[in-house]
Structure formats: C-alpha cells, structure tokens
Amino acid sequence: MAKIETPRPVRGTQDMIGDSADRFAHVVETFEKVRKLYGFRRIEVPVFEQTAVFSRSLGETTDVVSKEMYSFEDRGGDSLTLRPEFTAGIARAYITEGWQQYAPLKVATHGPLFRYERPQKGRYRQFHQIDAEIIGAAEPLADAELLIFADQLLKELGISEGVTLTLNTLGDAASRDAWREALVAHFEGHKASLSEDSLTRLEKNPMRILDSKDPRDQAVVADAPDIDAYLTEEAQAFFEKVTDGLKAAGVAWTRNARLVRGLDYYRHTAFEFVTDRLGAQGTVLGGGRYDGLIETLGGPATPAVGWAAGIERLGMLLTSFPSEQDFVAVIPDGNLIEYKIVQIANRLRSFGIAARVDFRGNTKRRIEKATKDGAALLLFVRDEDDERGTYNFKSLVRDRLPDQDLADRVRVVLES
C-alpha cells in the first residue's frame, strides 16, 4: 500500500497553540474590553466581497489590487475577493445595510485578512487585524477619539513603551490638490534620479513616492515640498483641533510631514504608531481620515476615519500576558468512582471556577499531568466513607503566595 503523504500547510499561514495562541487571545480580549469603554459597536462583515468593492476603494494601481488580492470566479461567474482589509467592506455595509441611520456610527471588528505577499516576521498571507472606524462624523474630535482609543489599547496591552504616535495632515481637498501639483512638479524635475518604481508612481500615484525606501529616491524625497505651505486655513484649524484633543487626553505625538496616504479620498489626519522593536516593519497600528471613500462605492458623501492593527504583530510585542485562567485539577484519591470527579468539576464550573479532570491514569499520573498543565490547585476527592475526609487541597502556585482565595472559593462551593 502506497504511503499517504501528509499535506503541508499553505505558505504564509500559521497554526497556533500555546504561547502564540495566548498572545493572540490576549490582544483580542484587550481590544474588546477597550472598545466597549469607548462605545464602539461590535460588527461582522463577510470574509469575501465582490472584487469591485476592493478595486474601487484601494485603487486599481495599488500593489494590493494589482499583485496581492486573492480573487476568484465563483460558480455563478461573479468575481469575488477574499478581503485584504476591513474598511472597504465596512463602507459597503454602511451603504447597503442602511447603517446611515446610526450616524455618527462607531464600530469595531477583528478577524482574518488575506494578501498574497512575501511572508516575513509578523506578516502572513492569512493574517488578522483589529479595526475601529467612526463613520459619519466630520468633526476633528472623532479623529482625536480614535487616536486616544488606540493609545489606551497599547497601554492596556503593556506595549506602549518604545511606541511613538506619528501624525500628519493631508489637508482638505484644496490643500491636497495644491500639494500634489507641487510634488509632481518637483519629481518631474528630478526624473533622472528616481527609481523605476517611483517613475511608475509619478504617472499613476505621485504621492506614494514619499513612501519609497529606495536609496535612489531618498535625496529627491528629502527636498520635496511639505504640505504645510499648501494648507488652507480650514485645514490648519482642523489639524490643530485634533492635536488639542490629544493634548487634553495626555497623548504624546510627533509630526511626520512625509506620512501620506496615496489615494485621493484620504483627507486631513494620517497617523501611524511605530516602533523599532519589529525590525524594518515598524508600524504596529495605522489609519487616517477617508472622507471620500463611501462616494467611490456609490454612496452619499460621508466623512469617516479609522485605524487597523495586526494582531500577530501586537502579540509579538507583548512581554507579559495571562495565559489560561487559573484552574483546579480534580483528582480521584483512591478507588473513587469516576463520575464523582466529573460531578464535582461540573459543580465548580457552574460557579465560575475553572476545573479540569483527566481521563486516565492513577493518582500519581494525574498529579503529574495537572502539574505539567499548570494547575493552580489540586483538589483530591475521596470516597465519602474514607476516614481521612472527603476533600483535600494542594496549591501548585510557586511564583506568588498560595492561592488561598481560590481554595476558599472551592471550599464554599463544595460545602454549599
């Protein structure tokens, strides 16, 4: 009989258990806790959409659309795409599901995304993000609140040390158009010095040249005009109100006048929380205001701002985090009928106490297994007729005081 070859995992995907799964869960749980504090409603959107949802919102010339999307034709002949980001699907739902009635709408979600790109540290082809959006609010206070939300999230995760909020303004439409024209003129005058990629961007999306990491572009980019000279009074006032909100909340930031978003529907605030603890890929959370996006999808003119962050990348930054909840291992001590420990474990769980039972082995083997699994407390259960008593406890917590509180809670449940 031919040997059956075990399928390999798809490149750029991951299986998680133990430490990596605990890190992932802690990021999600902390995000859920903080988003509730800020009144962001939990939403879900489909994992796949019509391809046009992403090609319109991300732009046909972007690398995501032209090189990285997982698109396919379904059996009905429709072109569908696995979502490469959240915002476009949320914007589509805002239009088609009548969510305008809730505006200004504060929403949050998390889940898997898909991009065909070269896997590297903290970056996968199936990856996961947390996402927060405010739709229908044109006020700068909305931008400030999202940034304050993000700042608190990073602090709650314990990873804010060494992470810097970098901030820029893209201005209003008039500011952006004037700046774009000046950038094109500048880069046209230095075409001979630009990289091949930047020459392509000059034709299709010139603002993205400012993002170039190619050494050939650096000198040209360094001399490019900043947006400040082209800001209207209204745009300048908007940016000042955002930064005033951050100051009021005690959120530190630095200006990055080279931080841009290439697509025309982006306006005003652009931001990234960056660190040097993840190598070259230093952004841990980023976003901006996208007042023109919903119009590109056929909806009414609608202001909006949002951000997203990679769960895996945030998890990599964690230095400490809770793993599984402290649990009680219920162990038969002697010739006890097995259903008795199941009965007791179930009673503890009904009172909110985590309890586990093993399925095999004598008392010694079960103690070894519970110790290896990290039990905080051993609960030994004996026959009711055993003269030594029905229950006995042993704490296994060694890095802090014995969990007397847990033992007391167990005792109260058993005696009730």
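The figures follow:
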{"quantity": "Order of SER195, SER320 - criterion: other Cβ atoms within 10 Å of each residue's Cβ, fewest first", "calculated": "SER320, SER195"}
{"quantity": "Packing-based ranking, highest mean first, of 73-83, 31-41 given that Cβ atoms within 10 Å are counted", "calculated": "31-41, 73-83"}
{"quantity": "Expected-Rg normalisation [2.2 N^0.38 Å, Cα atoms] applied to the chain", "calculated": "1.26"}
{"quantity": "Within the range 306-331: backbone nitrogen closer than 18 Å to the ASP383 label point (7 Å, Cα to C-beta)", "calculated": "331"}
{"quantity": "Extension gain (nm, one decimal) between ALA2 and THR96, 0.36 nm per residue minus Cα-Cα", "calculated": "28.5 nm"}
{"quantity": "Average Cα contact separation per residue, the chain, under 8 Å, 6 or more apart, as relative contact order %", "calculated": "16 percent"}
{"quantity": "Peptides 350-356, 266-272, 102-108, 340-346 ordered by average Cβ neighbours within 10 Å, highest first", "calculated": "266-272, 102-108, 340-346, 350-356"}
{"quantity": "Span from the the range 35-53 Cα centroid across to the the range 234-273 one, whole angstrom", "calculated": "24 Å"}
{"quantity": "Extension gain from LYS67 to ASP197, taking 0.36 nm per residue of separation minus the Cα-Cα distance", "calculated": "45.4 nm"}
{"quantity": "Length released on extending from ASP78 to VAL342, taking residue separation times 0.36 nm less the Cα-Cα span", "calculated": "89.8 nm"}
{"quantity": "The chain: angle of helix 363-373 to the longest principal axis, Cα-based, in degrees nearest 10", "calculated": "20 degrees"}
{"quantity": "Residue-averaged [θ]222 nm for the chain, counting only DSSP H segments that reach four residues, each worth -39500 (n - 2.57)", "calculated": "-11500 deg cm²/dmol"}
{"quantity": "Placed amide H near LEU285: partners under 5 Å, 5+ positions off or other chain", "calculated": "PHE273"}
{"quantity": "Centroid-to-centroid separation of the range 318-382 and the range 169-206 [C-alpha atoms, Å]", "calculated": "64 Å"}
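Every read-out reported here was derived from the displayed coordinates using simple, explicitly stated rules and does not represent laboratory data. Model, not experiment: these values are computed from the prediction. Virtual Cβ from ideal backbone geometry, glycine too; neighbours counted across all protein chains shown.
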